[in-house]
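Below is one structure, written out as structure tokens; comments come after it.
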Amino acid sequence: MTFIVTFSDEQNRALVNLRQRYEVWIEAERSLLALPYDLRRKKVGEYEYLYEIHDRSGNGTSLGPWDNEKQHQFDQYRVAKAEAKSRRDSAKATMEESSRLARALRLPMLSSDAGPILREADRRSLLGSHLLVVGTNAMAAYSIEAAGSFVNVPDETEDFDLAWAAEDAANGAIVWDMLKAVDPTFTINSERDFQARNAKAYEVELLVAPSLASTLAGKDRPKPVPLPEQEWLLPGRRVDHVVPCRDGTPARVVAPDPRWFALHKLWLGAQAKRNPLKRRKDIAQGNALLDAVREDMPQYALDEEFSSSLPVELQPYWEEWRKRAT
């Protein structure tokens, strides 16, 4: 069965334009993030000081008495912030226009709830370096990698799975700070502390492989339980695409190598303890993705070298797919 319908030239152009415009926007957002929240000239008693403001409440730190050097620093900051805001606002308008067009062309889409989380993670330069998109949300990126839409393959999800991918130790509550910046109503599920939920009951789960568990800061949240099967999502070459969301905004997705992701899905689909509805979805996605790799992703070899790299747990699913595919 054919699981992929190839994108039209118009759809391909829309995705190229969306990526280019998103990259201009995210660069401006990162420039703004690198600047102080605000700089202000404040009078304290008889003297004036330059203050760096850290938040909306006006909390700040003195940078020293006001002088010509502080005036120059203040002026440079104002110019840099104005330029970055101008670039961001201009890019945002064209980016959202491209995203609305992509949606109109019925390209693969993410849920509206996933978009803000992914944009904030990318703004903080966490995608790929610290976090990977796993679960059903990754399927849209694999669809774009295959340059076509999946047919009759489940792509709806009511939650969001992120996998920790940092090899070096992280400082601070990187994930939790990011989630709270997106939505301050996020809280940790007291019964499943690897899961955060917001006021709309949208769930975000954090997963981690045992080999990377030590690089997650002790005070960060959610608190994932190290799972051996998460090791399978680390090797290979990741996919990286900008995907439209259902609300007409775009988001960047960095997801695991599609071969490993597909086999991981097939393994999940065979686990008796897993929800039967999710198991059926896992199997459908795993088979469709491996078929798409074979037919439309020649950059991901399904050869003996790949086969020999698979752990014993995944070998049965690999062999079963190969028999079905021949």
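The values are calculated or read from the model by the stated rules, or taken from the named source; none is laboratory data. This is a predicted model, so every value here is computed, not measured. Positions of Cβ are backbone-derived with ideal geometry, glycine not excepted, and every protein chain shown enters the neighbour counts. Keep in mind that these areas ignore ligands, DNA and RNA; they rest on the heavy atoms of the full protein, side chains included. Shrake-Rupley method; radii C 1.70, N 1.55, O 1.52, S 1.80 Å.
Selection within region 98-110: residues that are surrounded by 21 or more Cβ atoms within 10 Å (Cβ to Cβ) and more than 18 Å from V24 (Cβ to Cβ). The member of this set that is nearest to the chain's Cα centre (by Cα) is L110. Restrict the check to region 129-139 and report whether at least one residue is within 20 Å of the chain's Cα centre (by Cα), farther than 30 Å from L302 by Cα and open to solvent by 20 Å² or more (accessible area, probe 1.4 Å). No, that holds for no residue. Scanning region 157-184 for residues that are touching a Lys or Arg at 6+ places or on another chain (Cβ under 9 Å) and open to solvent by 60 Å² or more (accessible area, probe 1.4 Å) yields one hit, D177. Only a single criterion out of (1) surrounded by 15 or more Cβ atoms within 10 Å (Cβ to Cβ); (2) charged (D, E, K, R); (3) without any contact (Cβ under 8 Å) to a residue 12 or more places away in the chain is not satisfied by E191, namely (1).
Only one entry in D240, D247 is open to solvent by 10 Å² or more (accessible area, probe 1.4 Å), under 23 Å from G115 (Cα atoms) and in a loop (DSSP other than H, G, I, E, B), namely D247. Only a single item in (1) open to solvent by 60 Å² or more (accessible area, probe 1.4 Å); (2) farther than 30 Å from D177 by Cβ; (3) touching a residue at least 12 places away in the same chain (Cβ under 8 Å) is not met by R274, and it is number (3).
Which residues, taken from region 38-73, are of a type in the set (D, E), closer than 26 Å to W25 by Cα and in a strand (DSSP E or B)? Residues satisfying the conditions are D38, E52. Residue check: S143 meets all listed conditions (1) open to solvent by 10 Å² or more (accessible area, probe 1.4 Å); (2) at pLDDT 95 or above; (3) among the hydroxyl-bearing types (S, T, Y) but one, namely (1).
In region 74-116, which residues are in a loop (DSSP other than H, G, I, E, B) and either without any contact (Cβ under 8 Å) to a residue 12 or more places away in the chain or of a type in the set (A, V, I, L, M) (or both)? Within region 74-116, L105, L107, M109 qualify. Against the test of being touching a Gly at 6+ places or on another chain (Cβ under 9 Å), surrounded by fewer than 17 Cβ atoms within 10 Å (Cβ to Cβ) and not in a helix (DSSP H, G or I), the options A199, A217 yield a single qualifying residue, A217.
The set of residues in region 39-50 being open to solvent by 50 Å² or more (accessible area, probe 1.4 Å) and not acidic (D, E) consists of R40, R41, K42, K43, V44, G45, Y47, Y49. Condition check for L118 on (1) farther than 27 Å from L207 by Cβ; (2) among the hydrophobic types (A, V, I, L, M, F, W, C); (3) within 11 Å of the chain's Cα centre (by Cα): one failure, at (1). For region 13-32, the tally of residues that are more than 13 Å from E97 (Cβ to Cβ), more than 18 Å from the chain's Cα centre (by Cα) and open to solvent by 60 Å² or more (accessible area, probe 1.4 Å) stands at 2.
In region 159-194, how many are within 17 Å of G115 (Cβ to Cβ), part of a strand (DSSP E or B) and of a type in the set (F, W, Y)? Summing the residues that are within 17 Å of G115 (Cβ to Cβ), part of a strand (DSSP E or B) and of a type in the set (F, W, Y) in region 159-194 gives 1. Against the condition touching a His at 6+ places or on another chain (Cβ under 7 Å) and surrounded by 22 or more Cβ atoms within 10 Å (Cβ to Cβ), how does V253 come out, does it pass? For V253, the condition - touching a His at 6+ places or on another chain (Cβ under 7 Å) and surrounded by 22 or more Cβ atoms within 10 Å (Cβ to Cβ) - is met. Among the residues of region 84-97, some residue qualifies, meaning at least one is open to solvent by less than 60 Å² (accessible area, probe 1.4 Å), in contact with a Ser or Thr (Cβ under 7 Å, 6 or more places away or on another chain) and either of a type in the set (F, W, Y) or farther than 30 Å from L290 by Cα (or both). Just one of the listed residues (L289, L233, L268) is open to solvent by less than 60 Å² (accessible area, probe 1.4 Å), within 21 Å of the chain's Cα centre (by Cα) and under 30 Å from K180 (Cβ atoms), namely L233. Restricting P316, P311 to those that are in a loop (DSSP other than H, G, I, E, B), at pLDDT 95 or above and not aliphatic (A, V, I, L, M) reduces the list to P311. Taking the criterion of being open to solvent by 40 Å² or more (accessible area, probe 1.4 Å) and within 24 Å of S143 (Cα to Cα), the residues of region 302-326 that qualify are L302, D303, Y317, E319, E320, R322, K323, R324, T326.
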